[in-house]
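**Q** Take this structure, written in structure tokens, and hold onto it; I'll ask about it next.
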Amino acid sequence: MTQNQAPSPVVTYADAGVDIHEGARAVDAIRQSVRSTYRPEVIGDIGGFGGLFSLAAAKRMDDPVLVSGTDGVGTKLKVAQLLGRHDTVGVDLVAMCANDILATGAEPLFFLDYVAVGKLNSQAMSQIVGGIAGGCRQAGCALIGGEMAEHPGVMDADDYDLSGFCVGLVDRPLMLDPAQVRPGDVLIGLPSSGLHSNGYSLARRVCVEGRSRDQLTAPVDALGGQSVLEALLTPTRMYVRPVRQVLGACPQAVRALAHITGGGITENLNRALNGRVDAVVELGTWEVPPVVAHVCAAAGLGEAEALTTFNMGIGMVLVVDPVRVDEVCAQLSAQGEAFVRIGAVEAGTGAVRYRNEGALLG
């Protein structure tokens, strides 16, 4: 610095938009929610550099296989931000990952989250992570780590995004395998709770954009008295506990599973097939949830397009040995789980085909 040059002003991290003190408050606010998910295998506590989880139970398996999955919530977050409710999207985050790894037959063990925010608010963060912890409790997995990151100048102050990562374990001899699917197998569908976390760019375009808050929060008879925002914010169903119960009580009765997400039944059920069979789905055998029908009507979607966009009311499909269908259905009934027989497997080339076309949307 020259003799006449003024000293440079001090610029702190807070001046740049990052509040480390609010970050510390946020960690304190989520501590109990995180601990509420812990399983006996969790080692240590929140705040370490890495999440620790014992795999001692894998010693009892013939060929333990780790299964991992990652996902986000997508533009459904915009609905949460409009409604100012942040305690449900965390359930969506866990469900999108845990339901995916369930499709292999795996038990979800632990979960990690990543939350990016424009401006950290410990109260909002407590709601978000509380929802993630609630989803982990539903799935039976432990929330053993995560990251909260402020992105000033990159994201608006009230904006945030979520992503997550789930790890599960399955014994290879019990792993579900589409190669085992054969003609005659029965398709059992488990109902969805609504749109889950898919198709929200379209849903927001036709049901949210250009409408006032009063319109979006007014009760709608066709939605059972819910507002549009409330109906759109319904969390994704978690299928882990009922399906794991079936897999344990009826070993090898379920040959494959399909988690119905983006792309709908058309582009997800085929992932549970091999190249020698087709899945033939009987339309009209289940009811389309009101919010799904509402969005399809607002978008003017035809049946074929709707089936490649939304889950249309079926969130998980079990491909079941026909000899053991009654056994599987009895296990679902014993848990109070709704289910419907939606079709069967026929010889084919790995495609999804539909019968009774035109019956889905009425």
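The values are calculated or read from the model by the stated rules, or taken from the named source; none is laboratory data. Computed from a predicted model, the values in this text were never measured in an experiment. We place every Cβ from the backbone using ideal geometry, glycine too, and count neighbours over all the protein chains shown. Side chains are part of the model used for accessible areas, which takes the heavy atoms of the whole protein and leaves out ligands, DNA and RNA. Shrake-Rupley method; radii C 1.70, N 1.55, O 1.52, S 1.80 Å.
**Q** Determine if the range 317-324 includes at least one residue that is more than 26 Å from VAL208 (Cα to Cα), surrounded by fewer than 21 Cβ atoms within 10 Å (Cβ to Cβ), in contact with a strand residue (DSSP E or B) (Cβ under 6 Å, 6 or more places away or on another chain) and among the β-branched types (Val, Ile, Thr).
**A** Scanning the range 317-324 turns up no residue that is more than 26 Å from VAL208 (Cα to Cα), surrounded by fewer than 21 Cβ atoms within 10 Å (Cβ to Cβ), in contact with a strand residue (DSSP E or B) (Cβ under 6 Å, 6 or more places away or on another chain) and among the β-branched types (Val, Ile, Thr).
**Q** All but one of (1) under 25 Å from the mean Cα position of the chain (by Cα); (2) open to solvent by less than 60 Å² (accessible area, probe 1.4 Å) hold for PRO290; state the number of the condition that does not hold.
**A** Single failed check for PRO290: (2).
**Q** Scan the range 3-40 residue by residue and report those that are of a type in the set (Val, Ile, Thr), modelled with pLDDT under 65 and open to solvent by 90 Å² or more (accessible area, probe 1.4 Å).
**A** VAL11
**Q** Given the conditions (1) without any contact (Cβ under 8 Å) to a residue 60 or more places away in the chain; (2) crowded, with 20+ Cβ neighbours inside 10 Å, and given that ALA103 satisfies all but one, which numbered condition is not satisfied?
**A** Of everything listed in (1) without any contact (Cβ under 8 Å) to a residue 60 or more places away in the chain; (2) crowded, with 20+ Cβ neighbours inside 10 Å, ALA103 misses just condition (1).
**Q** Filter the strands (runs of 3 or more DSSP E) completely within the range 310-362 down to those with at least 3 residues that are modelled with pLDDT of 95 or more and more than 30 Å from ALA298 (Cβ to Cβ). Even if it seems obvious, please write down each step before you answer.
**A** Working: elements: 314-320, 340-347, 352-355.
Where strands (runs of 3 or more DSSP E) fall fully within the range 310-362 and carry at least 3 residues being modelled with pLDDT of 95 or more and more than 30 Å from ALA298 (Cβ to Cβ), they are 314-320, 340-347.
**Q** Among what's in the range 113-130 and is open to solvent by less than 10 Å² (accessible area, probe 1.4 Å) and part of a helix (DSSP H, G or I), pick the residue that is farthest from VAL91 (Cα to Cα).
**A** The extreme case among them is MET125.
Residues are listed down the side, and each one gets a yes or a no for (1) more than 23 Å from VAL317 (Cα to Cα); (2) in contact (Cβ under 8 Å) with a residue 12 or more places away in the chain; (3) part of a helix (DSSP H, G or I):
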| position | (1), (2), (3) |
| --- | --- |
| ASP71 | no, yes, no |
| LEU82 | yes, yes, yes |
| VAL91 | no, yes, yes |
| MET96 | no, yes, yes |
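**Q** Scan the range 58-85 for residues that are of a type in the set (A, V, I, L, M, F, W, C) and open to solvent by 50 Å² or more (accessible area, probe 1.4 Å) and jot them down.
**A** MET61, LEU66, LEU82, listed by residue number.
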